[in-house]
Every structure is written in structure tokens, then in C-alpha cells.
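Shown next, in C-alpha cells, is the structure this report addresses.
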Amino acid sequence: MASLSKPNAPHFSVDIFQNEYLAEGSREVNAIVTVTATGGGTSGGRPLTAGAPADAAVVIMIDCSGSMDHPAAKMRNAREATAAAVDTLRDGVAFAVVAGTHEAAEVYPGGGVLAVASPATREAARTALRKLTPMGGTAIGTWLALAHRLFDTRPDLSIRHGILLTDGRNEHEKPAALQAVLDRASGSFTADCRGVGTDWEVAELRRISSALLGTVDIVAEPSGLADDFRTMMAKTMDKQVADVALRVWTPANAVVKYVKQVAPAVEDLTGRRSDSGPRAGDYPTGSWGDESRDYHVCIEVPAAAVGDEMLAARISLVLPQPDGTAEVLSQGLVRAVWTDDLASSTRINQQVAHYTGQAELASSIQEGLAAHRAGDVDRATAKLGAAVRLAHATGNDATFRLLEKVVDVVDAREGTVRFRKNVSEADSMTLETRSTKTVRVKR
């Protein structure tokens, strides 16, 4: 395990879980890669002294479209939530507040720059929040573009994170315009997205949070915004290292089929690969504090005879350096051994089996809810029944409880369910939004 040169930065370790034994002729190798960061000296979101180092910047983007006035308490709750987030900022952190409508406007500090958090600037920001008033439409790409410009004023800061709140659909710009902004912003900053109420689109916010390596969630009742914003900001303040990548090297004639984050949530990183040398590619993981995440790596190797063995992949955690090189923080190996022992070759690794089920659980929920919206009750029932069975089998109790708000569970083990009558839109959207959240396998 390697350490970072940055003071108080976390140490990283990589652990590989797999069944390396393959039947003769088999070509697919699966492994769960557990990455753990420890000892970062994080503060748990508590403000530090003004002289403490703070290598971070935050931009809070608040929907101020006309719909935020219905009910009127929604805008008031958004102001209170933003104030709570500002209060959680560590001294020395650069920050700004943006009001989003069909265009983006700087609320604080203004002038195209970021403020530096201190008792005085936090108080000034709280005063400026009175400018958050509902009017106009929704063009989220303009909000993100302004945040990007603000972050670019502080290239010296490595942790750059956005918080985005909306209550509606992105109706006042074309999807291509939003995608263009996401393409430019990807890799520049991360962002957590929140939808308040039930008039926004889960897929739309998931698209944004996925591109920016953040989270997405629903806050069904506006009164819950302050606690959610406080928690999000505390987690941001705990981040110590940015731009960490999972580097996968494969030998000749072996290829990477996919790389997915599978805990704490499912996120397909396969399409995010960037070449990093002969037969090697980097997959972005975003910012890290003291935490652990799991990744599912699938490699296709040439078929071989019984008794043959090979290194299927070398997995490294790397941190790019200013000179264009990359510091290797830790690494592990994925092996393949061909055998005629049926018991060995057919045994599914516990970690791989668990997370394959978690990914299938997320897919079943999303497909089931989509089928229900399309009026295909039979397919919806089958898919959500499969989701109930998987949630029960993998011990994902949180998702199981969300499913129970949408379907009546007749037999959890078999996945026999009936759709509930008069399911609330909030319960349905909560299930869809949190469908990708996973539980870790018990080791």
C-alpha cells in the first residue's frame, strides 16, 4: 500500500476478491475490487480554524424557477437549506451560491469569483440568500456552466464540488445543450443532485449526477432540505483527495468487458475509460475521504487448456501528478487458472454473486417502474417481484422497505407481489431514485 505526499491525506489499499479457477475453454474472469481510504484526518464536517488548510471549493446551485413558489414554503426551505450548507463549510473553503432559472445568476459573492469561508463571509452569504426569489424557467445547463467558470477561477484547489437542487424538469434548454455542458464539466468538478417534491425527472438528474460522479436523491418534503444539505456538505468537507482513478492493465489478447462501481451504489464506469498507456485504461472514481468502495471488474481472456494460468489484469489506484505522471497508491492482481475440477470452476465467488444480484435488483426496479408508467402491469409486476426476491436474498432491507410501499409482498422468497392501489408519486420516485443504492456483502 502506498501513501500520498499530501499532509493528512488518506492511505489507500486495494483488495481483490475472485474465484480464479475457470473451466477449460472459459474466457470470462470476474473480480470485486475493494478500495479503502483510511487515516485522512477528516473533520466530520466540523468547521476548522481560519488558518487551517482547506483545499476545496463548493458551488451551491439553487432552483429559483417560478415553480419554487408553489407552495411558497418551498423557496423558504431552500433558503434555509442553503444557509445550513454554508454554516457547515470549513473555514478557508472557497464557495459561491448560484440562483438557477432559465439562466444562471451569482447570488454570492458575485463578480465572477469565489468567497473564502469565514464567520464574516458565512454571515454575508446568509444575508445574500434573501435574493433567492422564484421567477422564470429551468435551464440546468446554464447553472452548471456558471459553476464551471467559478471553479476555474481557483485551479489551485483540487476538491471542487457542486450541490444542485431543482424541483422541476429541464424544460428551457435542449438536451444537447445540457449534454455539451456535462461533457465540458466532467472531470472538472463533482456534483450531488437533489430533487425536491415530485415534479422533476429521476433519469434527468441521474444523468447529471452520473456524469459528474456525484449522488442523486429525492427530498419529497421541502422541510427535509436543511438536514439533507447539512449532511451533503459535511461529507464534502470530509473529502481529502480528488481525481483518483482505477487503472486496469490487461495482457495481450485480454480485454476489459466492463468496470462498475457496485458499492455504495451501482454506477457503470465502462464508458468513462481513458487510455493511460499500452493495454491500460483509467476509470475515474472522484473524490475520497475516509471510506471504502467496491468495483466489479470483468475481463475477457483467451481460452486456455487445463493447467494453464495467467495474470488477467493488474488493478492499480493512481493519482495524476502535475508533470503528467501518476502516483500508484496501491494495486492488486486478478488471476485466471484453468482446471478440470468441476467444484472449483463452478464455485461463484461470494462477492461477485452478491453484487451481480445488487445490479440486477437496480435494473429490475427501474424496468418495473417504467413498465408501470407505460401501462404494462404484467411486466411491471414481474420485474418488481424479481426485485423483491433479490432484495430479500441479498439482505438489502432499505430497498425492500421501499418496495413494500409500492407493492404488497405475498411471498418475498419467491418474489410474488401485487401492485398496491393508489401508490403515491413520492413513494414511486423514492424507490426509483434509490434503486442503485446497494448493501455490502457480509464477509
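Numbers for the structure displayed
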| item | result |
| --- | --- |
| Prolate/oblate/rounded label for the stretch 107-225 (Cα gyration tensor, a/c 1.5) | oblate |
| The chain - share of DSSP beta bridges that are antiparallel (%, nearest 5) | 70 |
| Neighbour cut-off at most 13 other Cβ (10 Å), DSSP loop, trypsin sites (Lys or Arg not before Pro), the stretch 306-371 | R347 |
| Length-normalised contact order for the chain - Cα pairs under 8 Å, 6+ apart - percent | 19 |
| Most mobile of A263, A120, A203 in a GNM of the chain (Cα contacts under 10 Å) | A120 |
| Tail weight of P(r) past 16 Å, computed on alpha-carbon pairs of the stretch 352-439, percent | 43 |
| Residue-averaged 222 nm ellipticity for the chain, from DSSP H runs of 4+ at -39500 (n - 2.57), nearest 500 | -9500 deg cm²/dmol |
| Tensor-based shape of the stretch 397-443 (alpha-carbon gyration tensor, a/c under 1.5 rounded, otherwise prolate or oblate) | oblate |
| Net charge contributed by nearby residues that have their C-beta within less than 13 Å of G214 (K/R +1, D/E -1) | +3 |
| Set K383/K437; K74/K174; K239/K260; K174/K383; K131/K239 screened for pairs whose C-alpha atoms are more than 23 Å apart | K74/K174; K174/K383; K131/K239 |
| Where only C-alpha atoms are counted, convex hull volume of the stretch 235-382 per residue in Å³ | 169 |
| Solvent accessible area, Å² - K257, 1.4 Å probe, full protein context | 90 |
| On Cα atoms only, tilt of 202-211 relative to the major axis of the chain in degrees | 80 |
| Alpha-carbon centroid distance for the pair the stretch 345-373 / the stretch 148-183, whole angstrom | 31 |
| Between helix 119-128 and the chain: long-axis angle, C-alpha atoms, 0 to 90°, nearest 10 | 70 |
| Candidate residues E171, E327: accessible-area rank, largest first, probe 1.4 Å | E171, E327 |
| Distance between the stretch 287-335 and the stretch 207-269 - C-alpha centres, whole angstrom | 19 |
| Cα-based Rg and Dmax for the chain, where Dmax is the largest Cα-Cα distance (Å) | 23.1, 72 |
| Angle in degrees between helix 175-185 and the longest Cα principal axis of the chain, rounded to the nearest 10 | 80 |
| Summed side-chain charge close to D228 - residues other than D228 whose Cβ falls under 12 Å, Lys, Arg +1, Asp, Glu -1 | -2 |
| Residue-count net charge about F151 - beta-carbon cut-off 14 Å; Lys, Arg +1, Asp, Glu -1 | -1 |
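The values are calculated or read from the model by the stated rules, or taken from the named source; none is laboratory data. The structure presented is a predicted model; accordingly, all values stated were derived computationally and were not measured. We place every Cβ from the backbone using ideal geometry, glycine too, and count neighbours over all the protein chains shown. Each accessible area value is taken on the protein alone, full model and side chains, heavy atoms only, with ligands, DNA and RNA left out. Shrake-Rupley method; radii C 1.70, N 1.55, O 1.52, S 1.80 Å.
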